[in-house]
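Down below is the structure, laid out as structure tokens.
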Amino acid sequence: MNEISKIIYTVKALEAMAAVDSCKSQVQEAELQFAPLLYCIGNFFGIFVSLFIGLFISIFTVEHDLPFLAGICFSIFSFFSIYWWYEMWEARAAQIRYLDKIDIYELKGLSKAEQQKLALNIDSSSSYILWSYILYFFPHAVFLGYWYFMFGTFTPLP
């Protein structure tokens with residue numbers, strides 16, 4: 001009798017481990033490609049790179065207009081960066097909605113009508129893109145603060 005209970009517990013443990021492994025594989029498939037905080041760190045360094053490109057270009061121009069060229073490089077970088085942020089944020093929101101709908105359809109005890117209603121609520125939910133721009137502009141604010149504390153002014157150096 002003792003050996004039978006050991007076998008039963010072993011089989012149950014193997015089933016539990018298989019369930020955990022299947023959950024892990026589902027989570028690995030559902031990994032989100034967009035990490036907003038990592039993007040903010042990259043964005044902060046991208047601001048520096050765009051300003052250094054403006055500095056480099058101003059060295060080889062006739063008028064050496066550093067503020068103008070750095071502003072142009074910064075504007076171009078910001079335009080593309082904002083576009084990529086928007087695209088990645090919306091893709092992330094769509095993937096989260098998809099995963100939420102899968103979870104709803106796997107719930108037991110809900111009728112089809114309730115599942116459809118919850119799925120419709122998920123589809124109509126906002127992606128909070130406007131709120132995400134607060135996170136997007138955080139590196140810009142940090143850069144301006146860094147500039148102010150290094151040079152004591154918000155105007156570009158002559």
Discussion item. Pairs needed: first member in segment 64-83, in contact (Cβ under 8 Å) with a residue 40 or more places away in the chain and over 30 Å from residue 131 (Cβ atoms); second member anywhere, among the polar types (S, T, N, Q) and part of a helix (DSSP H, G or I); C-beta distance under 8 Å; at least 6 residues apart or different chains.
Written reply: 66/58
Worksheet entry | Residue that is surrounded by the fewest Cβ atoms within 10 Å (Cβ to Cβ) [pool: residues in segment 90-138 that are closer than 22 Å to residue 42 by Cβ and among the aromatic types (Phe, Trp, Tyr)] | 131
Item to complete: Confirm whether residue 81 is among the polar types (S, T, N, Q) and not in a helix (DSSP H, G or I).
Response: no
Worksheet item: Which one is farthest from residue 72 (Cα to Cα), of the residues in segment 127-158 that are in a loop (DSSP other than H, G, I, E, B) and modelled with pLDDT under 80?
Response: 152
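The values are calculated or read from the model by the stated rules, or taken from the named source; none is laboratory data. A quick note: this is a predicted structure, and the numbers were derived from the prediction, not measured. Every residue, glycine among them, receives a Cβ derived from its backbone with ideal geometry; neighbour counts consider all protein chains shown.
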